[in-house]
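Take a look at the structure set out below.
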Amino acid sequence: MFKLDQPIVALFGGSFDPPHIGHIGIIDASLQKLDIDKLIVIPAYLNPFKSSSMATAKMRLEWVKKIFKRYEKVEVSDFEINQNKVTTTFESVNYFSTHYEIKYFIIGADNLSKITLWSQFEWLNRNLTWVIAKRKGYNIDTTNLKNFIILEVSIDNISSTQLRDGEKLDYIDKSVRDEISSFIKNKEI
């Protein structure tokens with residue numbers, strides 16, 4: 001799967017519906033802690049465990065691109081969105097493995113409860129190191145994980161659900177805050 005001359009990469013997938021400072025905190029902490037050449041952020045077309053998103057895939061992609069354009073080691077990928085369907089982590093890892101050594105996959109602690117249900121979990125578990133971002137109110141049960149790193153994130157507890165409900169809109173990055181706030185307020189009408 002890996003070639004020695006390939007850049008070492010961490011992948012961070014998610015719905016980013018909408019993106020918030022918690023996501024930025026995870027990226028900042030990952031860039032500080034992980035010995036990587038690049039961190040690739042992959043907005044999902046649709047999370048395999050969800051039936052819909054508030055914002056369109058293209059909107060979420062553009063928001064994430066605006067937020068992370070100032071980060072030298074961060075690339076935002078449209079791979080999953082261009083698939084125009086649910087794309088599993090396994091499919092994304094295989095795709096990016098043709099260009100990079102995918103060493104890490106970054107997840108929030110809230111994903112641990114369903115991680116064994118992920119497509120090809122056993123393969124992912126053998127071939128990746130999970131980077132688990134701590135999140136208040138979520139237990140970090142690593143019983144099923146082979147290799148993992150716990151990531152301390154010094155950001156207040158925030159979820160995209162709270163933002164979709166019109167709460168804590170100041171937890172949205174300034175580069176997209178007006179755009180996302182306006183979108184959320186117009187969705188409520």
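The values are calculated or read from the model by the stated rules, or taken from the named source; none is laboratory data. Worth saying up front: this structure is predicted, and the values here are computed from it rather than measured. Note that we place each Cβ from the backbone using ideal geometry, even for glycine, and neighbour counts take in every protein chain shown. In case anyone asks, the SASA skips ligands and DNA or RNA and just uses the protein heavy atoms, side chains included. Shrake-Rupley method; radii C 1.70, N 1.55, O 1.52, S 1.80 Å.
For the reader, a short list of remarks on this structure follows.
- Residues of region 55-73 satisfying the condition of being surrounded by fewer than 18 Cβ atoms within 10 Å (Cβ to Cβ) and more than 15 Å from His23 (Cβ to Cβ): Thr56, Lys58, Glu72, Lys73
- Any hit, region 149-165, residues being modelled with pLDDT of 95 or more, surrounded by fewer than 19 Cβ atoms within 10 Å (Cβ to Cβ) and in contact with a Phe, Trp or Tyr (Cβ under 6 Å, 6 or more places away or on another chain): no
- Pair list, Cβ under 6 Å, 6 or more apart: region 112-141 residue closer than 19 Å to Val86 by Cα and open to solvent by 60 Å² or more (accessible area, probe 1.4 Å), other residue part of a loop (DSSP other than H, G, I, E, B) and of a type in the set (S, T, N, Q): Thr116/Asn144
- Just one of the listed residues (Asp78, Asp5) is touching a helix residue (DSSP H, G or I) at 6+ places or on another chain (Cβ under 7 Å), more than 22 Å from Leu151 (Cα to Cα) and open to solvent by 40 Å² or more (accessible area, probe 1.4 Å), and it is Asp78.
- Candidate set from region 160-183 (those that are touching a residue at least 24 places away in the same chain (Cβ under 8 Å) and part of a helix (DSSP H, G or I)); member that is nearest to the chain's Cα centre (by Cα): Ser160
- Per-region count, region 35-53, residues surrounded by 15 or more Cβ atoms within 10 Å (Cβ to Cβ) and touching a Leu at 6+ places or on another chain (Cβ under 9 Å): 6
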